[in-house]
Amino acid sequence: MKSDSLEIAASMAVLGLIQSGDLVQVGAQEIERGCNSPSLRILAALSASEAEGARDYFYRALSELNMAVPSKRDAVMRLARETARGILAGTVDSCVGAKRIWDLTLRVSGEDFPELDSFIYAASEWEERPEDRMAFKEGIVAASSDLVRK
């Protein structure tokens, strides 16, 4: 069973954005949603003192569920799309979202993300150019729409 929340958690794990204890919580939530695998059940049952093993069980669960561990590039793009959806839904402020996307790109050295350049530019110029913030916001929303459609 493919799960968006598992894909998001896998992307966060690859980029070092999720703690072991949070992976235990992800496992428990997935079990509640009806997702099931031997390692996922073990993951969901780990205590706080056992949480250090959570990453191993998490990756095993992905394998058992026939879900690939994303590359760092794919992880950045998955999380950027998720942030763009939040921007479009109004649950993520456009500037905050652009900065979040920029931060994601900085987690992968030696990789270019030309499809995220609009976010990076807006985030990098936001503070120094307050008179252009409306234009930046419009650009971020347009870039979000484009990214979500890809």
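The values are calculated or read from the model by the stated rules, or taken from the named source; none is laboratory data. Quick caveat, the model's predicted, so the values are computed rather than measured. Note that we place each Cβ from the backbone using ideal geometry, even for glycine, and neighbour counts take in every protein chain shown.
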Residue tally, condition surrounded by fewer than 18 Cβ atoms within 10 Å (Cβ to Cβ) and closer than 29 Å to LEU43 by Cβ, over region 83-105: 4
Just to be sure, is LEU79 more than 16 Å from the chain's Cα centre (by Cα) and of a type in the set (A, V, I, L, M)? no
Checking the condition over 18 Å from LEU17 (Cβ atoms) and at pLDDT 95 or above, which residue from SER49, SER124, SER71 passes? SER124
Picking from LEU104, LEU79, LEU88, the residue that is in the same structural domain as ASP117 (by TED's automatic domain parsing), closer than 21 Å to VAL141 by Cα, outside any loop (DSSP other than H, G, I, E, B) and out of contact with any Leu (no Cβ under 6 Å at 6 or more places or on another chain) would be LEU88
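Could you check region 4-36 and list, in sequence order, the residues that are under 24 Å from ASP74 (Cα atoms), outside any helix (DSSP H, G or I) and either without any contact (Cβ under 8 Å) to a residue 40 or more places away in the chain or among the hydrophobic types (A, V, I, L, M, F, W, C) (or both)?
Correct list: LEU15, LEU17, ILE18, GLN19, CYS35.
Looking for whichever is crowded, with 19+ Cβ neighbours inside 10 Å and on the phi < 0 side of the Ramachandran plot here; the options are ARG78, ARG133. Which one fits?
Only one candidate passes the filter, namely ARG78.
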Give the residues of region 110-121 that are touching a helix residue (DSSP H, G or I) at 6+ places or on another chain (Cβ under 9 Å) and under 17 Å from GLY16 (Cβ atoms), sorted by residue number. GLU111
Qualifying residue in region 59-68 (condition: surrounded by fewer than 18 Cβ atoms within 10 Å (Cβ to Cβ), in a helix (DSSP H, G or I) and of a type in the set (S, T, N, Q)): yes
Scan region 41-62 and give yes if some residue there is within 21 Å of PRO114 (Cα to Cα) and among the basic types (Lys, Arg), otherwise no. no
